[in-house]
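First up is the structure itself, then whatever we jot down about it.
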Amino acid sequence: MSFLNLDKNKVKETVDELNILLADYHLYYQKLRNFHWNIVGQNFFTLHAKFEEMYNDTLIKIDEVAERILTLRYRPLSNYSDYLMASHLKESASSLSDIEMVQELLSDHEKLIQQLRLTLEKATHAEDEGTADFITGYIAELEKTSWMLAAFVMDAEDNLPKS
Ligand SMILES: [Fe+2]
């Protein structure tokens, strides 16, 4: 631990949040696979490909979060039973419409962004720039993906500036 030069108690608080984030990402990943497989209708080709792009990106993040926990000298949660207990996300049915799938993902993004911000807060408090840096990048990326998904379900008039 000494080479990290970080306060062990504060690091533990960050790791607890990183483990919840890891659980959230696993539920999110499998939901994207569920939607990739089960999407039907006129938007099949667009969303089938988009969900694949999103779950591949999530797979990379899952590994980065777990290995950051190991770098901080703790163990990542590694079993699905733990993920189901720790995550704020819920599994979804497979029979949703395309719009319902996108709305479900947007609602998960809200929870993910909350968890990312909480993790960032703990990492900043622990002066753990290594964690804070990549979590900050994840927030910006997820905000951008959320904008794109929101655009998919919006009508043109929803996009007008508010007076
Ligand atoms: Fe596929």
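The values are calculated or read from the model by the stated rules, or taken from the named source; none is laboratory data. Since this is a predicted model, take the numbers as computed values, not measurements. As a convention, Cβ positions derive from the backbone with ideal geometry for all residues, glycine included, and neighbour counts pool all protein chains shown.
Quick rundown of the values:
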| quantity | calculated |
| --- | --- |
| Within region 1-95, helices (runs of 4 or more DSSP H) holding 3 or more residues that are within 16 Å of the ligand (Cβ to nearest atom) and surrounded by 19 or more Cβ atoms within 10 Å (Cβ to Cβ) | 8-38, 44-71 |
| Failed item in (1) hydroxyl-bearing (S, T, Y); (2) farther than 22 Å from E13 by Cβ; (3) at pLDDT 95 or above, with S163 passing the rest | (3) |
| Checking M54 against (1) in contact with a Lys or Arg (Cβ under 8 Å, 6 or more places away or on another chain); (2) modelled with pLDDT of 95 or more, the condition it does not meet | (1) |
| Cβ-Cβ under 6 Å pairs, at least 6 apart or on other chains, region 73-100 side over 15 Å from H26 (Cβ atoms), far side part of a loop (DSSP other than H, G, I, E, B) and not basic (K, R) | R73/M1; D98/G41; D98/N43 |
| Qualifying positions in region 108-123 - more than 11 Å from the chain's Cα centre (by Cα) and surrounded by 16 or more Cβ atoms within 10 Å (Cβ to Cβ) | L118, T119, L120, K122, A123 |
| A123 vs. criteria closer than 26 Å to V11 by Cα, assigned to a helix (DSSP H, G or I) and aliphatic (A, V, I, L, M) | yes |
